[in-house]
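Engineer: Got a structure for you, questions after.
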Amino acid sequence: MIKKVVFSNIAVKFVGVKTSPQVTRLMGSNEQSAKSPGPGSGDSIKIGDSIQPVKMAYTSYESTKPSFTSADWPVIIMHGLLGSKANWNAMSKMLHSKTDRKIFAVDARNHGDSPHTPELTYYHLVEDLRALMNDLAIKRATFIGHSMGGRAVMLMGLRYPELVEKLIVVDISPITASASLSTMPKYFEAMKSVKLSENISLSKARKMADEQLAKYVSDAGTRQFFLTNLVEAEGGQYKWRINLDSITRNFNNIATFPPVGTSCPVPTLFVSGANSDYVRSEDHQEIRRFFPAAKFESISDAGHWVHADKPNELLAIMKDFIQHIEKIEAAN
């Protein structure tokens, strides 16, 4: 499904994917398949298994001006756990407007409008991104990733640096993770336990779900974020569009960054929220072991969802990094 909308000289194209998770997916004329580099931290990849990429749903943002052509590499954005490309809609529009770059905001597998699969690891997310690039004939790109998406683009840079122009990692580290991650399995079970009436409006369904989630999730903002995944299904029912079963089963694969033995030479920007504990200053030196050209920025009064808390500040930092890369100096 492809839908195109125009906003003031910006064409926004929505590409949804509807396929069976078990169907072999072809990218152009070539099937994309990659070997797993190792067993990982969970049980969904075994040594010797192949990784079958999925066709990710995405939204693209580009100029509608007839004479406009951009010689710059595009930007690909991946959201965090339980998020979707819609979380980055406003930021994608602004980033395109400020940089004239073509922007692709994607839905990770088991999220948004992308296919559901039993597997979910950073290796799978990387191969999904690589397959998307192959499908769209993108030779290189700047990658932006938040949280889970940040770790996915980091691994992309470590495994395929030739495909990466620059990396922007938003509030996540390859070294440590926030202690708050330990509460996520409880939240998954809370979402699974929600019971809703049939044939009611979406607003009423979300209100009912919010009341039930409040028993387990005290923060209203977090509940509202979860509720963006509640959508209408057939027969007047409602469902979670994320694949909660797969996410729950593979959570250990997402909670920890996979072991790597290489470094990524491309310019990399780590942007964290000052009120978040996902990126610790004492880890900067260790992070530079993997990303020697890393630069670190912290945004005041922002938490983990930096793009929601301080969008203008984040936009300015990312724009400067993308357009003025000469200002980013590699660490000695």
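Engineer: Give ILE317, ILE287 a once-over and let me know the one that is closer than 22 Å to LEU167 by Cα, in a helix (DSSP H, G or I) and open to solvent by 20 Å² or more (accessible area, probe 1.4 Å). Even if it seems obvious, please write down each step before you answer.
Structural biologist: On the way: ILE287 fails: open to solvent by 20 Å² or more (accessible area, probe 1.4 Å).
After applying the criteria, what remains is ILE317.
Engineer: Regarding the stretch 237-258, can at least one residue be identified that is in a helix (DSSP H, G or I), more than 19 Å from the chain's Cα centre (by Cα), under 22 Å from ALA152 (Cα atoms) and hydroxyl-bearing (Ser, Thr, Tyr)?
Structural biologist: No, the conditions are met nowhere in the stretch 237-258.
Engineer: Also, quick follow-up: Has the stretch 67-82 got at least one residue that is hydroxyl-bearing (Ser, Thr, Tyr), buried (at least 24 other Cβ atoms within 10 Å of the Cβ) and over 20 Å from ASP171 (Cβ atoms)?
Structural biologist: Step one: filter the stretch 67-82 for residues hydroxyl-bearing (Ser, Thr, Tyr), giving 67, 69-70.
Of the ones still in play, those that are also buried (at least 24 other Cβ atoms within 10 Å of the Cβ) are none.
Looking for residues that are hydroxyl-bearing (Ser, Thr, Tyr), buried (at least 24 other Cβ atoms within 10 Å of the Cβ) and over 20 Å from ASP171 (Cβ atoms), one finds none in the stretch 67-82, hence no.
Engineer: Same structure, new question: Which of the following residues is touching a Lys or Arg at 6+ places or on another chain (Cβ under 6 Å) and open to solvent by 10 Å² or more (accessible area, probe 1.4 Å): LYS93, LYS98? Outline the logic, then answer.
Structural biologist: Working: LYS93 fails: touching a Lys or Arg at 6+ places or on another chain (Cβ under 6 Å).
So the residue among LYS93, LYS98 that is touching a Lys or Arg at 6+ places or on another chain (Cβ under 6 Å) and open to solvent by 10 Å² or more (accessible area, probe 1.4 Å) is LYS98.
Engineer: Within the stretch 133-157, can you find the residues that are assigned to a helix (DSSP H, G or I) and open to solvent by 10 Å² or more (accessible area, probe 1.4 Å)?
Structural biologist: Looking only at the stretch 133-157, we keep the residues that are assigned to a helix (DSSP H, G or I), and these are 133-135, 148-157.
Answer for the stretch 133-157, where residues must be assigned to a helix (DSSP H, G or I) and open to solvent by 10 Å² or more (accessible area, probe 1.4 Å): ASN134, ASP135.
Engineer: Can you tell me how many residues in the stretch 181-197 are in a loop (DSSP other than H, G, I, E, B) and either open to solvent by 30 Å² or more (accessible area, probe 1.4 Å) or aromatic (Phe, Trp, Tyr) (or both)? Write out each step before concluding.
Structural biologist: Within the stretch 181-197, the first condition is being in a loop (DSSP other than H, G, I, E, B), and the residues that meet it are 193-197.
Narrowing the set further to residues that are either open to solvent by 30 Å² or more (accessible area, probe 1.4 Å) or aromatic (Phe, Trp, Tyr) (or both) leaves 193, 195-197.
Residues that pass the stated criteria total 4.
Engineer: Just for the stretch 198-218: of the residues that are part of a loop (DSSP other than H, G, I, E, B) and closer than 15 Å to PHE188 by Cα, which one is least open to solvent (accessible area, probe 1.4 Å)?
Structural biologist: The first filter runs over the stretch 198-218 and keeps only residues part of a loop (DSSP other than H, G, I, E, B), leaving 198-201, 214-218.
Of the ones still in play, those that are also closer than 15 Å to PHE188 by Cα are 214-218.
Details: ALA214: 46, LYS215: 158, TYR216: 103, VAL217: 2, SER218: 111 Å².
It comes out as VAL217.
Engineer: Restricting the stretch 219-256 to residues that are touching a Leu at 6+ places or on another chain (Cβ under 7 Å) and among the charged types (D, E, K, R), which is surrounded by the most Cβ atoms within 10 Å (Cβ to Cβ)?
Structural biologist: Of everything passing the filter in the stretch 219-256, ARG223 is surrounded by the most Cβ atoms within 10 Å (Cβ to Cβ).
Engineer: How many of the residues in the stretch 70-95 are within 14 Å of PRO311 (Cβ to Cβ) and either touching a helix residue (DSSP H, G or I) at 6+ places or on another chain (Cβ under 6 Å) or not hydroxyl-bearing (Ser, Thr, Tyr) (or both)? Break it down into steps so the answer makes sense when it comes.
Structural biologist: Within the stretch 70-95, the first condition is being within 14 Å of PRO311 (Cβ to Cβ), and the residues that meet it are 77, 87-95.
Within this subset, residues satisfying the condition of being either touching a helix residue (DSSP H, G or I) at 6+ places or on another chain (Cβ under 6 Å) or not hydroxyl-bearing (Ser, Thr, Tyr) (or both) are 77, 87-91, 93-95.
Count: 9.
Engineer: Might you check whether a residue that is under 20 Å from PHE270 (Cα atoms) and either open to solvent by less than 60 Å² (accessible area, probe 1.4 Å) or not acidic (Asp, Glu) (or both) occurs anywhere in the stretch 109-123?
Structural biologist: Within the stretch 109-123, the subset under 20 Å from PHE270 (Cα atoms) is 122.
Among the residues that remain, those that are also either open to solvent by less than 60 Å² (accessible area, probe 1.4 Å) or not acidic (Asp, Glu) (or both) are: 122.
Yes: the stretch 109-123 contains one or more residues that are under 20 Å from PHE270 (Cα atoms) and either open to solvent by less than 60 Å² (accessible area, probe 1.4 Å) or not acidic (Asp, Glu) (or both).
Engineer: Out of all the residues in the stretch 261-283, is one or more open to solvent by 70 Å² or more (accessible area, probe 1.4 Å), in a helix (DSSP H, G or I) and among the hydroxyl-bearing types (Ser, Thr, Tyr)?
Structural biologist: Of the residues in the stretch 261-283, the ones open to solvent by 70 Å² or more (accessible area, probe 1.4 Å) are 261-262, 265, 275, 277, 280-282.
If we keep only those that are in a helix (DSSP H, G or I) too, we end up with 281-282.
Narrowing further to those that are among the hydroxyl-bearing types (Ser, Thr, Tyr): 281.
Looking through the stretch 261-283, at least one residue is open to solvent by 70 Å² or more (accessible area, probe 1.4 Å), in a helix (DSSP H, G or I) and among the hydroxyl-bearing types (Ser, Thr, Tyr).
The values are calculated or read from the model by the stated rules, or taken from the named source; none is laboratory data. The shown structure was predicted, so the numbers you read here are calculated from the model rather than taken from an experiment. All Cβ positions, glycine included, derive from the backbone under ideal geometry; neighbour counts span all protein chains shown. All accessible areas refer to the heavy atoms of the entire protein, side chains included, with ligands and DNA or RNA removed. Shrake-Rupley method; radii C 1.70, N 1.55, O 1.52, S 1.80 Å.
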